[in-house]
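Undergrad: The following block contains the structure, expressed as C-alpha cells.
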Amino acid sequence: MSILVTRPHPDNEATAKNLRARGHVVLLAPMLKFEPVAFHDESEADYGAIIVTSANAIRAVAPQLQDLGLKNLGLLELPLFAVGEHTAAAARDAGFAEVIVAGGDAAALRDKVMQSARDKVLKKKSTLLYLAGADLSRDLGGELGAEGFSVVTQTTYRMTPVKILPRDVCDGFAAHGIEAVLHYSRRSARAFLDAARDEGVEISALAIPQCCLSETVASVLRDAGASQVLGAATPDENALFDTLERALRTRLA
C-alpha cells in the first residue's frame, strides 16, 4: 500500500524521502507546476524588510540576486520575514543573512511583522517588499497596509495546475493500492480533484483518508464529498505526518 504525495516538485522529493524513512511506500503526483516570473522592480522604494510566504518565491528570485540590478537594491542585506522554517531555510540558502521565522501561515507572518514593529526591530511605517506567487489565497499586503505599512507586492512565480495523474497513480487507485493522500494547498487539492475526475478514479480516490496541511485545505476535499478528511494541527509537515499516522491507525482499528 502506498501514500500519494501531491506536493509540487522539488519539495515532494524531500517529503517522499521522509515518508520512506518512516517505512511507507510513496507515489508522487505533483498537482502544481512551478514557473518563475522575471523580477522587475520599478518602484524605487526604500525597503525596510522583505516578506515571503513560500519557498518558491525565494527559488524564483535567487538566480537573479547576483545580477547587477538586484544586487544594487541590497535585498540580501534586508531582514526577511519567512512564513515558516522551510521558507526560511530557502532564504538562508539564497544568501539572506537576517531571517525571521513566523509560525507557518500568513496570519502568523502578519503578526510577526506587527510584533517586530512594536518591538522597534522594524520601523512601523516601513515599506515592505512582498515576494509573492501569482495566486494569493490571502491579502497579506492589504492586511499589513491597514496596519500602517506600505507593501510593494512583486510576483516572482506562478503555480500552474497539472491536469493529469501519472499512470501508476491511476492504476494504484483502480487496484485500491493507495491508502492515503497528502494535500498541501487548496489549489493543488482542486487540481487533484479535477484530474481524478477526468481519469475516472474520483470515487476510489475520495474513499481513502485525505490528510491536509490545514483545515483550509481540508475544506476543499470535504466540499468534494470525501468522507475521511483530516487537517493537521499546525501547518507544518511533521504535524501532517502525525495526521497521516493517526488516519492509518484508524483504518486498521
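The values are calculated or read from the model by the stated rules, or taken from the named source; none is laboratory data. Everything quoted here is computed from the prediction, not taken from an experiment. Neighbour counts are summed over all protein chains in view; Cβ atoms, including those assigned to glycine, are modelled from backbone coordinates with ideal geometry. Each accessible area value is taken on the protein alone, full model and side chains, heavy atoms only, with ligands, DNA and RNA left out. Shrake-Rupley method; radii C 1.70, N 1.55, O 1.52, S 1.80 Å.
Undergrad: Could you put 83, 121 in order of accessible surface area, largest first, with the 1.4 Å probe and the full protein assembly present?
TA: Numbers: 83 15, 121 100 Å².
The residues order as 121, 83, largest area first.
Undergrad: If the elastic network links every pair of Cα atoms under 10 Å, which of 233, 21, 55 fluctuates the most in the Gaussian network model of the chain?
TA: Of 233, 21, 55, the Gaussian network model singles out 21 as fluctuating most.
Undergrad: Separate question: Could you grab the relative contact order for the chain? Cα pairs under 8 Å, six or more apart, rounded to a whole percent.
TA: 19 percent
Undergrad: Moving on. Give the lysines whose C-alpha is closer than 30 Å to that of residue 163, dropping any in the same chain fewer than 8 places away, or say none.
TA: Straight-distance partners of residue 163: 17, 33.
Undergrad: Also, quick follow-up: Tally the DSSP beta bridges in the chain and give the antiparallel ones as a percent, rounded to 5. If you can, show how the numbers build up before the last one.
TA: Details: 5 of 37 bridges.
Bridges in the chain that DSSP calls antiparallel: roughly 15 percent.
Undergrad: List the trypsin sites (Lys or Arg not before Pro) within segment 1-52 that DSSP assigns to loop and that have no more than 12 neighbouring Cβ atoms inside 10 Å.
TA: On the way: sites: 17, 20, 22, 33; in loops: 22.
For trypsin sites (Lys or Arg not before Pro) across segment 1-52 that sit outside H, G, I, E and B with at most 12 neighbouring Cβ atoms in 10 Å, the list reads 22.
Undergrad: Still on this structure, please answer the following. Within the chain, which is the longest segment that contains none of the GluC sites (Glu not before Pro) sitting in a DSSP loop with at most 10 other Cβ atoms within 10 Å? Please report the intermediate quantities before stating the final value.
TA: On the way: sites that count: 42, 44.
Excluding the exposed sites themselves, the longest stretch runs over 45-253.
Undergrad: In addition: From the list (1) 58, 34, 32; (2) 65, 38, 31; (3) 67, 43, 28, can you say which value of Cα extents along the principal axes in Å was derived from the structure given?
TA: (1)
Undergrad: Of the beta bridges DSSP finds with both residues in segment 1-101, what % are antiparallel, to the nearest 5? Kindly include the intermediate steps, with their values, before the conclusion.
TA: Values: 0 of 10 bridges.
The antiparallel proportion sits near 0 percent.
Undergrad: Also, quick follow-up: List the residues, sorted by chain then number, that are 5 or more residues from residue 100 or on another chain and whose placed amide H is less than 5 Å from its amide H.
TA: 80, 81, 82
Undergrad: Another one. Put one equal scatterer on each alpha carbon of segment 39-149, apply the Debye formula with no solvent term, and list log10 I(q)/I(0) at q = 0.12, 0.15 1/Å to two decimals.
TA: -0.36, -0.58
Undergrad: OK, next. Whenever you get a sec, compute what percent of the accessible area on segment 176-231 sits on carbon and sulfur atoms (1.4 Å probe). Don't jump to the answer; show the numbers that get you there.
TA: Details: 1070 of 2190 Å².
Whole-percent figure for carbon plus sulfur exposure: 49.
Undergrad: May I pose another question? Which one, 163, 112, 120, has the greatest fluctuation when you compute a Gaussian network model over the chain with C-alpha springs under 10 angstrom?
TA: 120
Undergrad: Over the chain, average the accessible area per residue using a 1.4 Å probe and give it in Å², no decimals.
TA: Result: 48 Å² of accessible area for each residue.
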